[in-house]
Amino acid sequence: MNFGIIKRTLGWILLFEGLFFTVPLITAAVYWEEEFFDIFVAMALCAACGGVCIVGKPKNQNIYAKEGFVIVALSWIVMSIFGALPFWFSRSIPSYIDALFETVSGFTTTGASIIPTGEALESMPKCLLIWRSFTHWVGGMGVLVFIMAFLPLSGARNMNLMKAESPGPSVGKLVPRVRQTAKILYLIYAGMTVIQFALLLFGEMTVFEAINTAFATAGTGGFGFKGDSMASFSSYTQIVITVFMLLFSVNFNSYFLLLRGRMKEAFNTEVRVFFAIVITAITLITLNLQLSEAYTYTTGEAIKHSAFSVATIISTTGFVTANFDLWPAFSKGILVLLMFIGACAGSTGGGVKVSRVVILYKGATHEMKKMLHSRQVTNVTIDKRVVDREVVQNTFAYLFAYILVFVLSFLLICIDVQDVVTNFTAVTATINNVGPGLGAVGPDGNFAFFSVGSKLVFIFDMLAGRLEIFPMLLLFSARTWKK
C-alpha cells in the first residue's frame, strides 16, 4: 500500500474542499449572515490539514487499483467530516452526527435529510442552504474527477481513480488522456447546469432559488429550500426541472458523442431502455391515478405529477410536487422498483444503473441458452459488441455485494422498531441515493427520528451506494492494508 500518495491525495482533497467553501462564504457575505465566521473557520481547518498532508513528495507516485479504491473511499469520508463543520459550528444542526448525515447525504447526492420540512428548513441561513445544494453539485460528477481535470495527481495511473469513483459497470476514456476526459465531463456538466439556471430564471424563481435548484438537479440530489419542495412553483418550473432531472440521468458519454455528431452511438441500448422505462412508468402511473376513485387529478395534472415523480425517483433526485406516499399501491410499487433501477451509468444519478440491469438480463438469457445448447459458443452482446466476460462477472459480483449490504442494513435498522415499510424504503432510498422513501421517510417525512446507530448505517449505505459498494467494503478487508 502506497500510504504516501494516499496522504498527499487526501491533502489535495481538503485544499479543494476549502476552495469549495468560497461559495457559501460569498453567499453569507452577500446576505450579511453571521455564519460567515463558522464557514471561514471550516475553510481554514481544511486548508491547514490539507497543507500538512501535501508536504513532502512521495517517491512512488503511482496509484494502482488498490490505492485507487482506498483513496476514493477515504476522500469521500474525509470530505464529509469537514463538510459537516459549518452546520455544527453554527448550531443550525446541533448534533454532529446529524450534521454528518446531512453532509454525506449532500455529497452522495442522496437528498435524505434530518431537517424537518416547513419552517425549520425555510428559516435556515441562505449560506448553509447554498452549501447543502452545492455539495450535490460537487458530488454529482465526483470530486476526484473534478480535481483530475485541473491537477495531474498520479502520472499515468489516474484511470484507477476514475474507475473507482465513476458509477457504472465499466468506465472508459472519451479521449486518450484521462485528464482531458475529466475536463470534457465537467465542461458538459457545468454547461448543462448553466442552461438550467437560465431557464429557471425565466420562471418565477429568484437568483438564489435558481442556483439552489440547478445545483440540486445537476447532482440529482434534491435538497430543497422550501417545505413543500417544488409543489408551490409553476407548471413551467416543474416541467423544466422534470426535463433536466432526466437529462442528468443520461450517461455523459452520450452527450460527448452527440457533440461529435455520432448520433447512433449516443442513443445506445442503455439510453433507449432508460427512456422506455420512463415512458412506461409514466403511462402506468397516470392510468392508475385516473382510474382510482380516491384522486381527482385532471388528465393534465396526472401526467404532470406522474412525469415529475418518475423523473425524480429514477434519476434519484428526490424533489417532489405531490405526496406519492398517498398514491395507490400500484403506483407506489412502480416508484419503489424505479428506486432500485436508477439512472444510466456515467450519469450523476444513483441506483443499480440501467446498464447493469441490461447486462444482468443479457447474462441470464445467455446462461439459459447455454443450458439448452451446451455446445453452442455464444457471447453476451450489447449494441452488436461483445461484453467482456470480466464485466459480466463484475456485474453479478456487484449484485451479490449490493444484496448483502442491503439485507444487513435492513436487519440493523429494524432494531429501531419502526414499521417494515419505513425501514425497507429508508434503506432503499439511502443505498440507491434517492432521498425520500415511503411511510415515515416519505415526501413529508425525514430521517431525524432514527437512532444514532441507524443514522451511521445510513451514512455507510449512502457512501457505499454512491461509490458502487466495493470501495467502502475494501476498507474493512485486512488484505487491503498489506504492503
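Less than 12 Å Cβ to Cβ from LYS57, Lys/Arg counted +1 and Asp/Glu -1: what total charge do the surrounding residues give?
On the way: positive: LYS7, ARG8, LYS59; negative: none.
Overall, the nearby charge balance is +3.
Report the dimensions of segment 65-152 along its three principal axes from the alpha-carbon atoms, largest first, rounded to Å.
46, 22, 20
What translational diffusion coefficient, in µm²/s and rounded to a whole number, does the Stokes-Einstein relation yield for segment 1-130 at 20 °C and a viscosity of 1.002 mPa s, taking the hydrodynamic radius as the Kirkwood radius over Cα pairs?
Roughly 137 µm²/s, to the nearest whole number.
Taking the Kirkwood radius as the inverse of the mean 1/r across Cα pairs, report the Rg/Rh of the chain. Intermediate values should be presented prior to the final figure.
Numbers: Rg = 21.8 Å, Rh = 22.8 Å.
My calculation of the ratio gives 0.96.
Sorting check: for 25-34, 68-77, which peptide has the highest mean count of neighbouring beta carbons within 10 Å, and how do the rest follow?
Ranking the peptides 25-34, 68-77 by packing returns 68-77, 25-34.
Where does each of 84-92, 383-391 land if you order them by average Cβ count within 10 Å, highest first?
84-92, 383-391
In what sequence, highest mean first, do 13-23, 231-241 appear when ranked by Cβ atoms within 10 angstrom?
Averaged packing, sorted descending, gives the order 13-23, 231-241.
Along Cα→Cβ, 7 Å out, is where each label goes; now give me the distance between the ones at ALA44 and ASP416 in nm to one decimal.
If labels sit at ALA44 and ASP416, their model points lie 3.6 nm apart.
Run the simple label-point estimate for LEU404 and ARG479 please: 7 Å along Cα→C-beta, distance reported in nm.
For the pair LEU404/ARG479, the computed spacing is 1.1 nm.
Considering amide H positions built from the backbone, and no H for Pro or chain starts, which residues 5 or more places from ILE382, or on another chain, come under 5 Å of its amide H?
Here the answer is VAL387, since their amide H atoms fall under 5 Å of that of ILE382.
I need the Debye-formula profile for segment 375-483: one equal scatterer per C-alpha, no solvent, reported as log10 I(q)/I(0) at q = 0.20 1/Å, two decimals.
The Cα Debye sum returns log10 ratios of -1.00.
Could you tell me the distance between the Cα centroids of segment 440-482 and segment 299-316, to the nearest Å?
Computed from Cα coordinates, the inter-centre distance equals 28 Å.
Translational diffusion coefficient, Stokes-Einstein: compute it for segment 273-385 using the Kirkwood radius over C-alpha pairs as Rh, at 10 °C and 1.306 mPa s, and state it as an integer in µm² s⁻¹.
101 µm²/s
Net charge near SER249, counting Lys/Arg +1 and Asp/Glu -1 over other residues with Cβ under 12 Å of its Cβ?
0
So what is log10(I(q)/I(0)) for segment 255-310 at q = 0.16, 0.29, 0.30 1/Å, when the Debye sum runs over its Cα atoms only?
Debye output, listed in q order: -0.59, -1.04, -1.07.
At 7 Å along Cα-to-Cβ for each site, give me the label-to-label distance between THR283 and ALA120 in nm.
Simple spin-label model gives 4.2 nm for this pair.
The numbers here are math on the coordinates, done by the rules we state, and not lab data. This is a predicted model, so every value here is computed, not measured. Note that we place each Cβ from the backbone using ideal geometry, even for glycine, and neighbour counts take in every protein chain shown.
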